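Undergrad: Structure below; questions to follow.
Rule-based calculations on the coordinates, nothing more; no lab input. As the structure is a computational prediction, the values presented were derived from the model and not from experiment. For neighbour counting, all protein chains shown are included, and Cβ atoms are generated from backbone atoms with ideal geometry for every residue, glycine included.
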């Protein structure tokens, strides 16, 4: 993975040729690097560590749900008397695990891996650029992300523990909860949001300005289109949440009342606040980001799936333009649906009808994108490589996640299903066997580009099948828990008769989750052990897109000579040619 | 409480408006199932028929697919139907046509960490004045002890009594954080947002003993924010109201007899 000593002259921009090589010291080459590939790897590895940590929080939480009130063997004692007195989980700790699982997975796991990791590494290569438009801003975005992430994790060790008011952090609860962990959550969010804002502007300018000669917009790989739309979502949706986080910090530290009405009585005491604020203001500001955020979670994944499907069906993607227009429409619509998360807050019929309607409309581009992907299989010659297994599984999993959004987006059915396990199942299907599977596909697919080596395919297949089985074992039963009326975020669901009636599902889900964790071991082993494999051919997947024109791994500056693009991105199986792929960058006809 | 009626699908529906909600959920799920199975069959067909094997090459040109347009248009049409034929009318009818207050039993609710405080107007049908400033452990709804209208009010904690076959309006508020009033068997859910008073209505069709569960994370006791929902026959309700009415009071002390926190509630 080290940058090779010979780097393309494209890297030097305005410098004149013939100057001596300047070797950077280690800390500038690998720590405070401005090279998009190093930064991409920093993001990816950091995000994978955070994903694993966030998953561990859930594995702990699942013990309490499967065996409420039972002491957790061995580990229970290790977590201390305030979190797990006598080895039994405390309700406050349960709430911390829940809030931080969501926060970490979304803001420190998926987005940094999908955008910061894959986006940073692959986009400049796929457009034929030597780096991002603003390499130093790129570095700054990672170095805002990492402290933000570390601060979030450190909050567990503060008195009272980490934030515990949900990843949604609704006031007044988040403000009357006096622990420092709640305040630190807000500061960490400011850092994490800033990181995304810096990154998004970089992506937009890079994609607009630095495309190689001949690479028009409609010759871009769909992955780049997906990242492009994603960047607009990040840029435009995050600022209201950053503002809201600052406002909540001020409520906590400066005695303001942006989100607090007057007259609160908490634990029998009058709460001293100026009042005049509204808890619903936070909800609007939060969801104004958080709805586009879920499209940030899915779009890069769709981009990866597109690349892997085109490559492994050996034919052009079906409906490329339709995919591009749908992604843009999806991005636009994502800004006008946010209040479907707030249908039960006392919303009037006019406003709720507006948001129901936009929510139904936004399902259409998703349906179109899924249809295009499925149609892309028709007439192909499908190679079931490990990336293709994950990309193929993505399709029905995303279908389940997307379809189950329909009863939630209709207000009348949402009355019953809101804040139940049905919601949890819905969004996890999209992001877990959806996005995370796509990210695995991307790791297996681009590993040879990044390292020059191939991951072990047999281990990859074991990873895939075990993950597929266990992940469905985790999330499918949750739909049934929701239909039975079980609320989410309950420390002990057996308090309620309708919870007791289906408690067996919790046991099934928890064991599936622990099985899913074990299923990742072959992957972790494979990821590191494959670094010692023999080097493989430059373009082992026989792909057509520009990143495969660079050496594997690419040196600083990426391309030995600046690439030129001659054709569309997925020219596979053109009639009358001796090979079944015709790279974008190959001059010969 | 009869636990055998709970299982792996909807709990029983004992409300007048719930039938339409259940119907909508069922119809949407049939639609989802048809889409998923339809896509799924085509998907599996392609995975098998178009797998790479010796002698099989991919086709460069896209298939001329009219049926995808048909599918997209049908999806749009069905979603429009779901939205404007099923969901919106049900929602509008429920939200915009509450029963008139004079025909209903009106109950005020103050949600708090971690209990549901119900306030009944009593025999005179008038609620005593309440205020946040008067709220305390003994006086959870903050009743003004000097208000004569409040003398016959009933306050219960975690006990919601009402008669069957009569509209009930609950005026929902919260004294501290956001909670959510959620009775699955009545198909009602409404957030209790501090600083607001939000009315919700329902009418029960069968008597029984059910549960209210908080549906919005409200702190470490969120899981145990449970109330008993007792749907009485009219006779049972009248008996309960009479038994729990406060005795005719002399000039009150601050620990007014309305606040029966320790006394057993049926």
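Undergrad: When the Kirkwood radius is taken over all Cα pairs of the range A:126-222, what Stokes-Einstein diffusion coefficient follows at 37 °C and 0.692 mPa s, in µm²/s?
TA: Details: Rh = 15.7 Å.
For these conditions, the coefficient is 209 µm²/s.
Undergrad: What does DSSP give for the range B:101-244 in terms of the percent of beta bridges that are antiparallel, rounded to the nearest 5? Before the final figure, lay out the partial values.
TA: Numbers: 28 of 40 bridges.
In the range B:101-244, DSSP labels about 70 percent of beta bridges as antiparallel.
Undergrad: Give the Rg/Rh ratio for the range A:86-148, taking Rg as the radius of gyration of the Cα atoms and Rh as the Kirkwood radius, to two decimals.
TA: 1.23
Undergrad: Can you work out the FRET efficiency for the pair residue B:101 and residue B:131, with r the C-beta to C-beta distance and R0 = 22 Å, to the nearest 0.05?
TA: Between residue B:101 and residue B:131 the formula returns 0.50.
Undergrad: While we're looking at this one, here's another question. In the protein assembly as shown, what percentage of the DSSP-assigned beta bridges are antiparallel, given to the nearest 5?
TA: Just about 70 percent of them are antiparallel.
Undergrad: Over all pairs of distinct alpha carbons, what does the Kirkwood formula give as the hydrodynamic radius of the range B:101-244, in Å?
TA: 15.3 Å
Undergrad: What do you get for Rg/Rh over chain A if you use C-alpha atoms and the Kirkwood form of Rh?
TA: 0.97
Undergrad: Now for a separate question. Using a Förster distance of 22 Å, how high is the FRET efficiency between residue A:521 and residue A:74, based on the Cβ-Cβ distance and rounded to 0.05? Walk me through the numbers on the way to the answer.
TA: Working: r = 19 Å, r/R0 = 0.86.
For R0 = 22 Å, the calculated efficiency reads 0.70.
Undergrad: So what's the Cα pair-distance distribution over the range B:1-94, bin width 5 Å, in %?
TA: 2, 9, 13, 15, 13, 11, 10, 8, 7, 5, 4, 2, 1, 0
Undergrad: Please figure out what share of the DSSP beta bridges in chain B is antiparallel and state it in percent, rounded to the nearest 5.
TA: 70 percent
Undergrad: Still on this structure: Using 0.36 nm times the number of residues separating residue A:577 and residue A:561, minus their current alpha carbon distance, what extension gain do you get? Could you put the intermediate results ahead of the total?
TA: Details: separation 16, 0.36 × 16 = 5.76 nm, distance 2.59 nm.
Stretched fully, the residue A:577-residue A:561 segment lengthens by 3.2 nm.
Undergrad: For residue A:88 and residue B:147, FRET efficiency with R0 = 60 Å and r from the beta-carbon atoms, rounded to 0.05?
TA: 0.85
Undergrad: On to the next question. Counting only Cα, what are the radius of gyration and maximum Cα-Cα distance Dmax of the range B:26-181, in Å?
TA: Taking only Cα atoms of the range B:26-181, I get Rg and Dmax of 28.8, 93 Å.
Undergrad: Oh, and also: If I model a spin label at residue A:28 and residue A:49 as a point 7 Å from the Cα along the Cα→Cβ vector, what separation in nanometres do I get?
TA: Going from the residue A:28 label point to the residue A:49 one covers 2.5 nm.
Undergrad: How large is the Kirkwood hydrodynamic radius of chain B, in angstrom, based on all distinct alpha carbon pairs?
TA: Across chain B, the inverse of the average 1/r is 21.9 Å.
Undergrad: Follow-up question, since we're still on this one. Can you pull a Stokes-Einstein diffusion coefficient for the range A:55-206 at 20 °C (1.002 mPa s), Rh from Kirkwood over Cα pairs, as a whole number of µm²/s?
TA: For the chosen part, D equals 127 µm²/s.
Undergrad: Tell me the angle of helix A:222-253 to the major Cα principal axis of chain A, expressed in degrees between 0 and 90 and rounded to the nearest ten.
TA: It is inclined by approximately 30 degrees.
Undergrad: Modelled label-to-label distance, residue A:511 and residue B:44, 7 Å Cα→beta-carbon offset: nm?
TA: Going from the residue A:511 label point to the residue B:44 one covers 2.6 nm.
Undergrad: Another question about this same structure. Where a ≥ b ≥ c are the square roots of the eigenvalues of the C-alpha gyration tensor, would you call the range B:87-127 rounded, which needs a/c under 1.5, or, failing that, prolate if a/b is larger than b/c, or oblate?
TA: The shape class here is oblate.
Undergrad: Helix A:503-519 against the longest principal axis of chain A: what's the angle in degrees, Cα atoms only, rounded to the nearest 10?
TA: On a 0 to 90 degree scale, this one is about 30.
Undergrad: Now a separate question. Please compute the length gained on full extension between residue B:64 and residue B:243, using 0.36 nm multiplied by the number of residues separating them and subtracting their Cα-Cα distance. Walk me through the numbers before you get to the answer.
TA: Working: separation 179, 0.36 × 179 = 64.44 nm, distance 7.65 nm.
Extra length available between residue B:64 and residue B:243 comes to 56.8 nm.
Undergrad: Take the eigenvalues of the Cα gyration tensor for the range A:340-453, scale each by 5, and report the square roots as semi-axes in whole Å, largest first.
TA: The equivalent ellipsoid of the range A:340-453 has semi-axes of 35, 15, 11 Å.
Undergrad: Pairing the Cα long axis of helix A:437-451 with the longest principal axis of chain A, what angle in degrees results, from 0 to 90 and rounded to the nearest 10?
TA: Helix A:437-451 sits roughly 40 degrees off the main axis of chain A.
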